[in-house]
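Working notes, beginning with the structure itself.
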Amino acid sequence: MGRPENSVDRTVPARAQLADFLRERRNAAGLTYSQMAKTVGIQPSAATFERAASGTIVPSLDTVQDFIVTTTTEKESFGPGPALAKGRELWLRARRATRAPYYVRKAPDPTLISDTAGFLKALRHQHVWIGYPTPGEMERMFGPGVLPRTTTRRIIDGEALPVDPQQAIAFLKACYVIDEAELGRWLAAAVRSFQDDPIRSRNIGQWVKAHKEITLQAKKKELAMVTSLREENSQKAA
């Protein structure tokens with residue numbers, strides 16, 4: 001019989017909520033941390049899993065996702081999907097509570113942006129909302145040259161805007177704005193913001209083009225989902 005697990009550290013409530021959620025899943029699955037580690041292979045280790053559920057740290061999102069997938073049981077008829085969504089939300093709350101330099105009440109709404117200053121402010125608030133990742137973390141998501149950490153730092157500090165639509169999209173994706181429709185709303189906000197700006201309006205064409213392209217991608221994705229759902233319903237009815 002293993003040693004008793006320490007109580008969850010409740011110094012930071014949001015961090016404790018994530019730890020409680022992970023412990024509940026491990027208990028429901030009836031697994032030890034060692035068994036979980038053997039299931040996933042070399043990493044994460046048993047010690048990493050245990051720290052993730054301690055409440056003393058905010059683990060990486062990859063560790064949280066591995067924890068959830070490893071503790072998925074047959075009772076979860078929809079698989080790990082719903083738990084992954086909940087785990088990600090709890091993780092984001094914990095990141096905000098421990099890393100954000102100032103409070104943001106909710107995620108920014110790009111449809112309310114109308115000028116350059118508002119666009120930059122919204123980008124900064126989105127960055128805070130998802131837990132204030134470092135410029136280095138954001139750069140590593142895309143590889144060299146796409147989102148340089150020096151440029152990212154200037155955006156975070158409110159000193160510069162993305163130089164082009166591709167950099168804006170990379171920044172937003174690094175801030176967990178992944179959905180094409182949502183990215184489209186952000187690019188529409190950029191077009192509105194820059195069209196009357198004496199300097200930014202010179203390159204407005206590339207922003208308009210990027211907005212049209214991402215909007216088309218969103219429509220194609222939505223159509224594919226509707227078609228798939230109809231086919232699934234037809235098969236069930238047959």
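Each reported figure results from applying straightforward, stated rules to the coordinates on display, with no laboratory input. This structure is a prediction, so every number in the text was calculated from the model and none was measured. Don't worry about glycine lacking a Cβ; one is built from the backbone with ideal geometry, like all the others, and counts go over all protein chains shown.
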> What angle, in degrees between 0 and 90 and rounded to the nearest 10, separates the Cα long axis of helix 13-29 from the longest principal axis of the Cα atoms of the chain?
Replying inline: 50
> For the chain, what does -39500 (n - 2.57) per DSSP helix run (n ≥ 4), summed and divided by total residues, give at 222 nm, in deg cm²/dmol to the nearest 500?
Replying inline: -20000 deg cm²/dmol
> How high is the relative contact order of the chain, in percent, counting Cα pairs under 8 Å that sit 6 or more residues apart?
Replying inline: 14
> From the cross-link list K75/K221; K173/K219; K121/K173; K121/K219; K173/K212; K106/K220, which pairs have alpha carbons spaced over 22 Å apart?
Replying inline: K75/K221; K121/K219; K106/K220
>> I need S77, S228, S193, S54 ordered by Cβ neighbour count within 10 Å, fewest first.
In response: S77, S228, S54, S193
> Mind checking which of P80, P110, P59 has the largest fluctuation in a GNM of the chain, springs on alpha carbons under 10 Å?
Replying inline: P80
>> Under a Cβ-only charge scheme (Lys and Arg +1, Asp and Glu -1), can you give me the dipole magnitude of region 1-146 about the Cα centre, in debye to the nearest 20?
In response: 340
> Stretch S234-V104 to full length: gain in nm at 0.36 nm per residue minus the Cα-Cα span?
Replying inline: 42.3 nm
> Most exposed first by the Cβ proxy, i.e. fewest other Cβ within 10 Å, how do T152, T215 rank?
Replying inline: T215, T152
> What is the gain in length, in nm to one decimal, between R10 and K209 on full extension, counting 0.36 nm per residue of separation less the C-alpha to C-alpha distance?
Replying inline: 66.8 nm
> Going by how many other Cβ atoms sit within 10 Å of their own, how do E182, E50 line up, fewest first?
Replying inline: E182, E50
